[in-house]
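Novice: Would you mind keeping the following structure in view while I ask a few things?
The values are calculated or read from the model by the stated rules, or taken from the named source; none is laboratory data. As the structure is a computational prediction, the values presented were derived from the model and not from experiment. Positions of Cβ are backbone-derived with ideal geometry, glycine not excepted, and every protein chain shown enters the neighbour counts.
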Amino acid sequence: MMLRGVAHSAKDAFTLLLARSWYCNPGLNFSSLRTEVTNRSVQPHSHYTTDKTSREENKKVIESLYRLSVDITKIRRLREWVLFQDVAYVKEIANILQEMGADETTIASILERWPEAILCSPAEIKSQRALWQLVCQNEKQLIKLIEQFPESFFTTEYHENQKANILFFQELGLKNNIITRFLTSAPSIFYNPVEKNKHTIKTLQRSYLSLGGSDANMKIWILKLLSQNPFILLNTSNAVQENLEFLQKNDFTNREILQLLSKLKGFIFQLTPTTMQESMLFSKSVFKCSDQELKQLVLKCPALLYYSLPILEERFEGLLKEGISIEQIRETPTVLELTTEIVQYRIKKLSALGYNIKSGTLETLNGTKKDFEVSYGKIQSKKERPMFNPVAPVNIED
């Protein structure tokens, strides 16, 4: 397998950080095989300034917030600079929220969590209100979203990009409930110019078709991919192409790559050839396997491809400390998708039933919470089952 060095841009690092927040947990050292990978995050630009425009707090703002039962101490502790601004729209923003159906408690909660809201002009908030109503069922749902995710709603400097992207996503076929989820949990994808997002989608479509996907299934594939991981839109089209070429150069067939794309839920587009190569070389060293054997393990457990070295090291180390062998992990590699804490908890529960994980199969340990509960229940029932049924007829040989 070839090692390829690819420079990490700040935006790529930010994208990777966002995606890992959905799928991963931080890891610890495992062995000398570890290679440090440093990521730098980039925060979206804001038009607000944290500089104090006055030497003392704006008394009118303080009084207006007090009348709304806002806890000023929370704002002073977290974003005191807001209170020093000469221009603020406390009453106006509160009135708009009230018109939308927010009660006093909700308004106070919103302003305490995101006091920058009072720095938005009424015109900006009215425009945001109209925009979000394009995808919200009603204003009751809208107020609920604003209370839960005030930062997303009150980030108004990208309004035009947000509007263009919402219309694009609707044309693409995404349902409004998915778009509202994007607006709240992945707002940064709306900061892109719509042309950038369109270009990324076209790149994904071309890649899908070049790997043997059909025109009939392409739309469904794209919509599913976006629903599972919208952060793929933060990647450049070059990054997408580089990752696919890396897999092809490592002898994955087009069909196997499509299989990986489905299993990875789009996560592969947050990776780089360098990080994938590092993770694969680490796994190959631990399992002491050939390239072909490693490929089969990756197809069975894509976590070997997309988890970073610290995470893989911590997962392997945690399993080995519990007395689980490398051979057992190789037989059931998907156990690496579980955090060390979950593994320890499940082993403890199984041990209480007398189940020896060292000599048993890891399939019992594996899977989702529901899968484990089913396996645990079967073992528990087997243990509690009486050795013989006292009401069953006894066969007596003459």
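Novice: Which of the numbered conditions does C136 fail, given that it passes all the others? Conditions: (1) in a helix (DSSP H, G or I); (2) closer than 24 Å to Y191 by Cα; (3) in contact (Cβ under 8 Å) with a residue 12 or more places away in the chain.
Specialist: The single condition C136 does not satisfy is (1).
Novice: A further question follows. Every residue in the range 151-174 that is assigned to a helix (DSSP H, G or I) and surrounded by fewer than 20 Cβ atoms within 10 Å (Cβ to Cβ), please.
Specialist: E151, H159, E160, N161, K163, A164, L167, F168, Q170, E171, L172, listed by residue number.
Novice: Give G367, G360 a once-over and let me know the one that is at pLDDT below 90, buried (at least 16 other Cβ atoms within 10 Å of the Cβ) and in a loop (DSSP other than H, G, I, E, B).
Specialist: Among G367, G360, only G367 is at pLDDT below 90, buried (at least 16 other Cβ atoms within 10 Å of the Cβ) and in a loop (DSSP other than H, G, I, E, B).
Novice: Against the condition in a helix (DSSP H, G or I) and either modelled with pLDDT under 85 or in contact with a Lys or Arg (Cβ under 7 Å, 6 or more places away or on another chain) (or both), how does F388 come out, does it pass?
Specialist: Considered against the rule, which asks whether it is in a helix (DSSP H, G or I) and either modelled with pLDDT under 85 or in contact with a Lys or Arg (Cβ under 7 Å, 6 or more places away or on another chain) (or both), F388 comes out as no.
Novice: Kindly indicate the residue of the range 231-243 that is in a helix (DSSP H, G or I) and surrounded by fewer than 21 Cβ atoms within 10 Å (Cβ to Cβ) and also modelled with the lowest pLDDT among those meeting that condition. Let's see the steps before the verdict.
Specialist: Within the range 231-243, the subset in a helix (DSSP H, G or I) is 231-234, 237-243.
If we keep only those that are surrounded by fewer than 21 Cβ atoms within 10 Å (Cβ to Cβ) too, we end up with 237-238, 240-242.
Details: S237: 76, N238: 81, V240: 81, Q241: 84, E242: 89.
For the range 231-243, the residue satisfying everything is S237.
Novice: Hey, another quick one. Does the range 110-117 include one or more residues that are modelled with pLDDT of 95 or more, in a loop (DSSP other than H, G, I, E, B) and of a type outside the set (G, A, S)?
Specialist: Yes: the range 110-117 contains one or more residues that are modelled with pLDDT of 95 or more, in a loop (DSSP other than H, G, I, E, B) and of a type outside the set (G, A, S).
Novice: Let me ask you something else. Among the residues of the range 261-297, which ones are under 18 Å from the mean Cα position of the chain (by Cα), assigned to a helix (DSSP H, G or I) and surrounded by fewer than 20 Cβ atoms within 10 Å (Cβ to Cβ)?
Specialist: The answer is S262, K263.
Novice: Hey, another quick one. Looking at (1) in a helix (DSSP H, G or I); (2) surrounded by 14 or more Cβ atoms within 10 Å (Cβ to Cβ); (3) touching a residue at least 12 places away in the same chain (Cβ under 8 Å), which is the one condition that is false for T105?
Specialist: Checking T105 against (1) in a helix (DSSP H, G or I); (2) surrounded by 14 or more Cβ atoms within 10 Å (Cβ to Cβ); (3) touching a residue at least 12 places away in the same chain (Cβ under 8 Å), the one that fails is (2).
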